[in-house]
1. Whether any residue in the range 244-253 is basic (Lys, Arg), modelled with pLDDT of 95 or more and farther than 21 Å from Arg114 by Cβ is what I want to check.
2. Under 7 Å between Cβ atoms, at least 6 apart or on separate chains: pull out the pairs that start in the range 331-348 with a residue that is farther than 20 Å from Leu403 by Cβ and end on any residue that is modelled with pLDDT under 95 and of a type in the set (Lys, Arg).
3. Residue check: is Gln242 assigned to a helix (DSSP H, G or I), closer than 23 Å to Gly181 by Cα and polar (S, T, N, Q)?
4. What pairs come up if the first residue lies in the range 409-436 and is closer than 14 Å to Ser278 by Cβ, the second is in a loop (DSSP other than H, G, I, E, B) and β-branched (Val, Ile, Thr), and their beta carbons are under 6 Å apart, counting only those six or more places apart or on different chains?
5. Among the residues of the range 114-147, how many are over 16 Å from Gln102 (Cβ atoms) and of a type outside the set (Phe, Trp, Tyr)?
6. Name the single residue, out of those in the range 323-360 being assigned to a strand (DSSP E or B) and of a type in the set (Gly, Ala, Ser), that is farthest from Ala420 (Cα to Cα).
7. When the residues of the range 380-436 are filtered to those that are surrounded by fewer than 24 Cβ atoms within 10 Å (Cβ to Cβ) and at positive phi, which remaining residue is farthest from the chain's Cα centre (by Cα)?
8. In the range 96-121, which residues are exposed (fewer than 11 other Cβ atoms within 10 Å of the Cβ), at negative phi and of a type outside the set (Ser, Thr, Tyr)?
Amino acid sequence: MPSDLPRTPPPAGRLSRRRLLALGALAAAAPLGSSLRPAAAAGDTGDDDAYQRAFSDALTADPNVRWHTVAGREFLYRPRQLLAANADAQRVTTWLRSRGHQVTVGAGFAGVTRLVFAKETDIPTVVSALRNPQQWPGQPVPAVQPHHVLLGLGNIMGNPGGPPKAVAALAAPNPARLGEGAGVTVGVCDTGIWQQAGAYHPQWLGGSYLPEPDDEDALYVSGTVLAPQGGHGTFVAGVVRQAAPGVRVDPEQALNPTGVGDEAMLVAAMARLGPQVSVVNLSLGGFTQDDLPPLPLVNAVAALPAQTAVVAAAGNAGTSRPAWPAALGRVLGVAAVSRAGTGIVPAAYSGFGPWVDACAVGEHDSTYVEGQLPLPGRPTRVFHGFAEWSGTSFATAYVSGRLAAMMVAGGLTADAARIALLANPRWHPDYGVLVS
């Protein structure tokens, strides 16, 4: 698998460093953090643990998800599927068939060929064998990988570690801020958006997006019982709008209401984004085999217009292991911090490391949905359109909104705004620039 692009920002062109820093100050604060890693969050974690159990049970029950469970190397993947770069697909197919594997060619995407096995196969072991140079004397090693499963970013590589909590309605947007992000569209590839989001939240989401049937979040497992991440995309859209009340959003469905998707689903969602989208918000991600960059996402991001910015969540597993697509060089990877008294500290759940570019507060109140969320052995949570939720998903949404505000304030493209943001001093080497 080819290595990812370097994380060094591209040249700033005509923008001087002084102007970059001045523009970046619109969205970033520069004090250096003093704490490397936070203490574990205090308080009753019963609901958080119950939420994690519910999410884990949903994954275990999903026939289209498999776990690779080697400690420190965990990832999720689709059964019986192997992805190979198009240029390597034929010799990989020949290699597999020569060793007795029955494979057919499935639907490809983003520069990869999907090879489908006729029966259940230990895909990670097959991938490891194919990546062994001894199998390819005198030839380059082929680019192969599992078809990785992505999650809407807890502590299971993905979803928010705790459940949302019902809160009172948000106050209306400040009229003085309605110009922030005006004319900019942020693409939100997520669970989709609640069918009634615009009508239920007229001041925050009404008129901010074009309702389309294929963008709707299915939300419920039955009746009004919410799936573990039903409403995640609606919450994210509200955070984007709070960060820049004038911005428009383009919601696309890349995850199901449980919060589960895969690389093909994300690539397809990105392809459906309208041409007006200049910032792509990916409040999702996952780990990969051998921590290598996932080839379909490398290709999909590279295919975006040069002036587009991509912002992605660093994950909520509380580890320095790179989460993808956040760790891709062109992608602005976002960690989460928390308020502590009058200061800011790293969020205990957040991913971190030198591959993280920025951080923002991960705890937000936002637009949500109607429904109830049962938790094993805990009281059922009931929602009436607003919630509080924590995770790198929401830090990411906030950064996407602030990028849009920088674009308008400085007359910048999205990528120039990203460069301006990254010109600021890092709050901490493992958390990047603090966006406030």
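The values are calculated or read from the model by the stated rules, or taken from the named source; none is laboratory data. Given the structure is predicted, the values throughout are model-derived calculations rather than measurements. When we count neighbours, we look across all protein chains shown, and the Cβ atoms used for this are built from the backbone with ideal geometry, even at glycine.
1. Among the residues of the range 244-253, at least one is basic (Lys, Arg), modelled with pLDDT of 95 or more and farther than 21 Å from Arg114 by Cβ, which makes the answer yes.
2. As it stands, the answer is Pro346/Arg37, since those pairs meet every condition given.
3. Spelling it out, Gln242 is indeed assigned to a helix (DSSP H, G or I), closer than 23 Å to Gly181 by Cα and polar (S, T, N, Q).
4. Once the first residue is closer than 14 Å to Ser278 by Cβ and sits in the range 409-436, its partners that are in a loop (DSSP other than H, G, I, E, B) and β-branched (Val, Ile, Thr) give Ala414/Thr308.
5. Total meeting the criteria: 22.
6. Ala340
7. Gly411
8. Passing the criteria: Arg99, Ala107, Ala118, Lys119, Glu120.
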